[in-house]
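Working notes, beginning with the structure itself.
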């Protein structure tokens, strides 16, 4: 069970409660403690956190018109936000960034994500491969640089990290942002410390960001303190938060170490990097919709997919426009994350995976249609067309008919929405 699921189950137990008294809070806190400890949140933080909830809940008077569940949810939300730290706002200006971390933390992938982040904000980026110990690091970072449209520098086979970074700075002097990917180790030993100090002296970074895997849990705090003592880090990036039950443990441990979390990694794709905002993170844990992030993600996906505005504002839903929408959805990352932003966090894993498989299959099927069929879906009902489309897409006739059925339902809703001003007006108010 991940942290969010544990928190939601604890809160759900309050559904039948009519009053908030000491007994109710004690029972609730027991469930809350189980959820936090199983997510590897440090025990001292767990007890101070639940004690604070008890103090606030019993001291303050519950407002009229609010259920006990809503009242406690709000208190948990506020205290979790305090526990998880502040939001991060980066300065969009020329800078040098040094990435540090252990083996398997996701440093190199994060370097590519950061390159894309700053490229998308109008700053040219250069990537230096200073990982002189991992054999595949050079090729991996070179590939990621190409995907992020950034310039790459490395010296294959060179073991002197200081030499690499000095040559790299000269080669990338035309870049506004230079990101240096350093070596990792299984532990912060003296060799790694000396190597990082040599890079630090030559590179003179504006930011030194420690990359930590969310699965490390409360050990993340210890790592943050050790790296900070060695080279004075300026922030932490927590990766692999897409499926880690210990993400809350890592984030709370880092915050308790008085180090700011800057970004969180939520997947493997280059756009799966988010500015850290504890309010948004906690909202998703508790199943509260995060429409602001959802709209931002949609806009980024539309831009990345090179979709024209007129394609989205088409007056008619066809298989062509449906394919455009599927293309944009594919750029938004895992469906689980999208559902989380909508507040639909408890959709069964099997159902999410089946839906993702179905959407991928639908894209392939539409790709096997002729231009006329994509513009006029009624043509597909003609004899032989379904069989031809199924054969061309490597699917079954049953799959093609399932697409037609789902598409017709969607088209019916779309036409109703398009022609009903009241529905559009109410939705517009909701989005605002």
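Structure notes:
- Residue, surrounded by the fewest Cβ atoms within 10 Å (Cβ to Cβ), within segment 40-65, restricted to residues that are touching a helix residue (DSSP H, G or I) at 6+ places or on another chain (Cβ under 7 Å) and farther than 17 Å from residue 77 by Cα: 43
- Annotation: residue 197 fulfils all but one of (1) crowded, with 16+ Cβ neighbours inside 10 Å; (2) in contact with a helix residue (DSSP H, G or I) (Cβ under 9 Å, 6 or more places away or on another chain); (3) at pLDDT 90 or above; the unmet one is (1).
- Among residues of segment 388-398, those that are in a helix (DSSP H, G or I) and either under 10 Å from residue 365 (Cβ atoms) or in contact with a helix residue (DSSP H, G or I) (Cβ under 6 Å, 6 or more places away or on another chain) (or both), counted: 5
- As a summary of the residue check, residue 208 satisfies the conditions (1) part of a helix (DSSP H, G or I); (2) touching a strand residue (DSSP E or B) at 6+ places or on another chain (Cβ under 6 Å) except for the one numbered (1).
- Count of residues meeting criterion [assigned to a loop (DSSP other than H, G, I, E, B) and in contact (Cβ under 8 Å) with a residue 24 or more places away in the chain] in segment 185-194: 4
The values are calculated or read from the model by the stated rules, or taken from the named source; none is laboratory data. Owing to the predicted nature of the structure, the values given are computational and were not obtained by experimental measurement. Positions of Cβ are backbone-derived with ideal geometry, glycine not excepted, and every protein chain shown enters the neighbour counts.
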